[in-house]
Amino acid sequence: MTFAVRTWDRMSPTARLTAILVPLALLLAVATVIGVLVVVPATINFLGANLPLVRFGVAVVGILVLTIPTAFVLIYMELKIIARMNLRVGPNRIGPWGAAMSLVHGFKVLSKEDFAPTGADLPVFTLAPVVTFLASVMTLLVVPFAPGIFGQDFNIGLLFFFAMGGLSVLGLLMAGWASFNKYSLLGGLRSAAQIVSYEIPLTVSVVGVVILAGTMSTNSIVLAQRGSALDWFVFKQPLAALIFFIAATAEANRTPFDMTEADSEIVAGFATEYSGMRFGFFFFAEYVNVFIVSALITTVFFGGWTAPFNWPWPYNLNWLDAWSIGILWIPIAGIVLFVGTDIMAAVVRLLGGKAWTAPSAFGLGLLITGALMTAAVGLALFIAFDWVQGIFWFMAKTYVFVFIVRLDARHAAPRPGGSADGLRLEMAPARIASQPLRDGNRRDHPEPVNAR
Amino acid sequence: MPPRTTRTTGRATRSAAPRPPHASEDDPRIMLDREISSDLYDPVPPYPTQTEREAEFYTRGDGEMFLNVGPHHPATHGVLRLVLKLSGEQVVDVDPVLGYLHRGVEKICENSDYYHVIDQVDPLEYVSSLFQEWAAVLAFEKLMDVEVPARAEWIRVLSGELLRISSHTLFMGFLALDLGGLTPILYSFIERDEIVEMLAALTGARMLFNYFRIGGVNGDLNHEFLSRLGDWMSRAAKQTEANAGLLNENEIFVRRARGVGVLSREMALRYGVTGGNLRASGVPFDVRRAHPYSVYPALDFNVPTRLEGDALARYLIRVDEVRESIKIIDQCLHNMPDGPVMAKLPRLLRPHPGRAWGAVEGPRGMLGVYAISDGSDQPFRFRIHDPSFVNLETVPALLPGNLLADTMAIVSSLDPVMGGIDK
Amino acid sequence: MDRNLKRRLEARLEAQLRGPIRQRQDETEIRIQPGDVPDVLRTLHDAVDLRFEILADLAGVDTGEHMQVVYHLWSETSPDWLRVIADGLSRDDPRCPSATFLWTGAEWLEREAYDMFGIVFEGNRDLRRIFMPPDYTSFPLRKDFLLPDDAARSTGEGVRHVERSHAPAVVADDPAAGVRRAPAS
């Protein structure tokens, strides 16, 4: 032992590094060999035998990866549009048109102190944001994005959604209770009361849809609406759609249902004592909620990923194979890019005049050609694969609802148009001015009490 | 009343923080972590109750809890602290705690000479500081029998009414903010900024103007002020209607403000409430008409009055007053006489011994000053009566029975400014 | 100046008035004993020809010799402000009946006068400090409460203690103590 310590002390830094790294590398090599020979085939065999498990894992990872950009896009959209309503410019410093603002917000949240107040119930305090976040993320499992692209096709998909939505209340209650703050407690209880009360109309409103579709699986509900826009359930169940929309807005705590975090009364509600990434989880959960609610409205009432009119596609593009060019597509693409750039550069030069020197004309030509080719490839994919179409239509519809849900009454107070009922701003009748100042109820004045 | 224990313990120490070396287990100032309970954060004062009312308030009934709103809270308009006694979300009782902004302005004024006092009273009602100057100047002019030139009076009315519009516009924005609407406040500030820039051209300051003088005003109207004013007047009425419409036609705002915090006529009189809050309860008391000063008798304007006495009425009164103020400004611009803007006065003022009371109608109500002179160059007693102080006093009567969500709507609809309340 | 008001006041309050009714510019001023405050205020508030219904202000005053409580009232029956001065409160133990039985709003105004002058309003059920901290012992607007830069007015000791406990104001009896006195009026 002493020998080993003495030797270690005498070694140079490089030698020490080598002494550590060489055995590690050897171990790694052995492990790799064992892995390649034994573990990987076994795993592949196992997963091959249990494909639903793979699908589940991929779905959860994919969903987690999807939520963060969703939140970023939503935050940026909100900042920018509300700024316009407020006659401001909005974020315009970080990234093009301030687009990286929410990214920086994210880093700010990550770099803040992780703080817990004195007297907080630490385990509950720590778990609360996790519960809330997971509850909203897990609902994404049953959202069908496109044919074949969904987390899990439960036959009780809608029930799963409502159950998970109810679970998020638990997180808010935990946060409110564990913060050791009365504002938090009030906020947590408010949110519990609100979500529980809106859960009922939310659940009941989809019963009609479930009967129409004959299933609770979200996938099958979308399939039941295939055809044109007239086959969407919103036209068969308009009242249910309206109720669902309102209740879902409440479920997502958006204005005018934002009593849970009414900052003018109870500061920030259940999130008052949270900072850093713990708060970030609530924040993300809220935005993911908005997305999910919109996605579910789209799925249940607006045909999900189906196109709004009778779409003749997907075409079978197998006739391309008939040309039998195979790998030659790659040089062909290169040639098209090259020739296209030249032609575009010439056009730019002709139209733009002498201001366009050769490099800039070629640069622009390259850009235009690249964009056109990308568009062509995208169009081909869109025509050829129904899941590309599915994602396109689904996202388009969902973001329309995200836009509606997110841009709430508190910011979008309408500019004056008509006149509100019963709110005429005339002067009170002039006779008031001549009415004498007289206290009607003289008995209200007790005798002075000499207390001292 | 059950006896209450007096607590001598101070704040809890953080568990991670090292304990100071002198601290021992039985040091009453140190509270151990295991002793921390929700009781620690109750706003119960750590001394025996002093009055009947205090004892009644700080005795908790069954299922009631105390909630400290303020002094640092997003919606209490400065450093007001409201101790709410809640039963669930319902307010049972309120104890407003003042004094966080107390500067002793009255004492400072008693130790300043008469010219200096005007400077000292500026930051009281910082939203509309000209009116506080006006009240002081009015009392001093009465004390000294100073004749103010006519043009100075007209300029006072003109700048005062401009500031009244600015203050009322800000009130509308803040009321909406406390009800959860974030946009109107930004429109309000646009309006206010135009007016404040205009007054900056006239007085040299944007907020604490120090413009009125005993016997006149500091400086005549100038070109920049008039051109800005003309520009603004060309669209003032339209802009005001637009800003008011933003709220008047908002369903959420109207429903939340209507029927909330009803101040009856008798109650308003008994509480000594003044200003728009009193007129919203059906009493047409406006110092400009009730006890005219300056050139208001020569002006044509109405005193808007409403009967409901709720938060919405208090808001609508302000909207109406803005319209009346625009009318007054128009008349000022048409009737402004020529002449000097300052009376000739000595550099050091030593009024004869005597007393004077001057009151003006500020945006929040009657601003009064009671000045006593003992013949020296400083006022012997300088009493400031601030309307927000009395208006805020109705809060303990208005809040009980309402929900927590409505507390801010009610407090905000009374339009308190803590600078004036705390003096 | 409202001569008519003067006549009405003399008729109604003949027994309670101390000294003549003074009128100057738009103000009418009467002086009464502190003990008469409830009666006088009730008469002023309720009498058909007076009806002073709005309490414009309630202020404490320290004249250096005694304390006063000053009420400013407004009525639509008169173009004047009415000032009621309850005069002659002892500086050592100033006591005055409360006006809260008539104007609930006087509660805070009296609290302020108590906070600043130590005037005890009998009948006010919430007479505690309102601006200063509850454990504060001085009354800042009293004339024997000197500011640090008041050396010129002090007895020559330079800067003096600003906050002193509410002891009987001995300095008031000593003309050399520098307490400012109101003009004898």
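Laboratory data are not the source of any read-out in this text; all were calculated from the coordinates shown. Owing to the predicted nature of the structure, the values given are computational and were not obtained by experimental measurement. Every residue, glycine as well, gets a Cβ built from its backbone with ideal geometry; the counts of neighbours run over all protein chains shown.
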Assuming R0 = 22 Å, what is the FRET efficiency of B:A237 and B:L333, from their Cβ-Cβ distance, to the nearest 0.05?
0.95
Quick one, could you list the DSSP H helices from chain B stretching 20 Å or more along their long axis (Cα atoms) with average Kyte-Doolittle hydropathy of -1.0 or above?
B:129-144, B:150-178, B:184-203, B:223-248, B:311-335
Run the quick spin-label model on B:L348 and A:S220: label points 7 Å from Cα toward the beta carbon, then report their separation in nm to one decimal.
10.0 nm
With θ set to phi - 60°, apply the Karplus curve 6.51 cos²θ - 1.76 cosθ + 1.60 along the range A:28-37 and write out the HN-Hα couplings as whole Hz, x wherever there is a Gly or Pro.
4, 4, 4, 4, 4, 4, 4, x, 4, 7
Leaving out same-chain residues fewer than 8 places away, which lysines sit with a Cα under 20 Å from that of B:K238?
B:K327
Peptides ranked, highest mean first, by Cβ atoms within 10 Å: ranges B:395-404, A:168-177:
A:168-177, B:395-404
For the range A:347-362, Karplus-derived ³J(HN,Hα) couplings (6.51, -1.76, 1.60; θ = phi - 60°; whole Hz; x for glycine and proline) come out as 4, 4, 5, 5, 7, x, x, 6, 4, 8, 6, 4, x, 5, 5, 5
Roughly how many nanometres apart are two label points built 7 Å out from the Cα toward the Cβ at C:R7 and C:D39?
2.5 nm
Distance in nm between label sites at B:E266 and A:M1, each 7 Å beyond Cα in the beta-carbon direction?
9.3 nm
Residues whose modelled amide H sits under 5 Å from the amide H of C:G88, counting only those 5 or more places away in sequence or on another chain, are C:M67
Set of lysines near A:K182 by C-alpha distance (under 18 Å), chain-local residues within fewer than 8 positions excluded
B:K85
Net charge dipole size for the range B:198-351 [Lys, Arg +1 and Asp, Glu -1 on Cβ; Debye, nearest 20]:
540 debye
Computed about the Cα centre, the charge dipole of the range C:1-154 from +1 Lys/Arg and -1 Asp/Glu charges at the Cβ has a magnitude in debye, to the nearest 20, of 320 debye
Excluding residues on the same chain fewer than 8 positions from B:K344, give the lysines whose Cα lies under 27 Å from its Cα.
B:K142
Average beta-carbon neighbours from other chains, 10 Å sphere, peptide B:241-254
5
Amide H of C:D57 versus every other amide H placed in the peptide plane: which residues, excluding those fewer than 5 positions away on the same chain, fall under 5 Å?
C:H72
Can you give the local net charge around A:G98? Use residues other than it whose beta-carbon is closer than 13 angstrom to its beta-carbon, Lys and Arg +1, Asp and Glu -1.
+3
For C:E122, distant residues with modelled amide H under 5 Å away
C:C96, C:S98
How would you rank C:5-12, B:359-366, B:114-121, highest first, on the average number of other Cβ atoms within 10 Å across their residues?
B:359-366, B:114-121, C:5-12
To the nearest whole number, what is the average tally of beta carbon atoms from other chains within 10 Å of the beta carbons of peptide C:65-73?
2
How big is the Rg/Rh ratio for the range B:105-422, C-alpha atoms only, Rh by Kirkwood, two decimals?
0.97
Partner chain coverage, peptide C:130-141 - average Cβ within 10 angstrom
4
Can you compute the FRET efficiency between C:Q16 and C:T137 using 1/(1 + (r/R0)^6), with r the Cβ-Cβ distance and R0 = 35 Å? Round to the nearest 0.05.
0.50
Could you compute the net charge surrounding B:R228? Neighbours are other residues with a C-beta less than 10 Å from the C-beta of B:R228; K and R count +1, D and E count -1.
-4
Please work out the Cα center distance from the range A:108-126 to the range B:257-297, rounded to the nearest Å.
49 Å
From the phi angles alone, apply the Karplus equation (6.51, -1.76, 1.60; θ = phi - 60°) to the range A:209-214 and give each ³J(HN,Hα) in whole Hz, x where the residue is Gly or Pro.
5, 4, 5, 4, 7, x
Mind ranking A:92-100, B:197-205 by how tightly packed they are, going by the mean number of other C-beta atoms within 10 angstrom, highest first?
B:197-205, A:92-100
